[in-house]
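**Student:** Before I ask anything, let me first share the structure, which is written out below as structure tokens.
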Amino acid sequence: MLRNALEPWHVAIIVLVCLMVFGSKKLPEMARGLGRSARILKSEARALREDEPAAGAGSADR
């Protein structure tokens with residue numbers, strides 16, 4: 001059902017609507033903020049993954 005849901009012309013319409021709503025000056029700023037957020041999320045997830053085995057080993061000794 002959703003196999004062909006997102007076609008190239010859908011993306012073009014979404015981009016045009018974003019340009020009209022936010023303006024061309026705000027979009028790069030929003031993209032930078034989104035990139036920063038993604039980097040922070042990735043680093044936090046990595047730190048959680050690294051801390052998890054150490055926390056699991058400590059609770060197994062009890």
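**Student:** As a test question: what accessible area, to the nearest 10 Å², does Glu52 have when a 1.4 Å probe is rolled over all protein chains in place?
**Tutor:** Counting only protein heavy atoms, Glu52 exposes about 120 Å² to solvent.
**Student:** Please give, to one decimal in nm, the separation of the simple spin-label points placed at Ser43 and Phe22, each 7 Å out from Cα toward the Cβ.
**Tutor:** Result: 2.2 nm between the two label points.
The values are calculated or read from the model by the stated rules, or taken from the named source; none is laboratory data. Since the model is a prediction, treat every value here as computed from it, not as a measurement. Ideal geometry is used to build each Cβ from the backbone, glycine not excepted, and the neighbour counts take in all protein chains shown. Remember, those area values only see protein heavy atoms, side chains included, never the ligands or the DNA or RNA. Shrake-Rupley method; radii C 1.70, N 1.55, O 1.52, S 1.80 Å.
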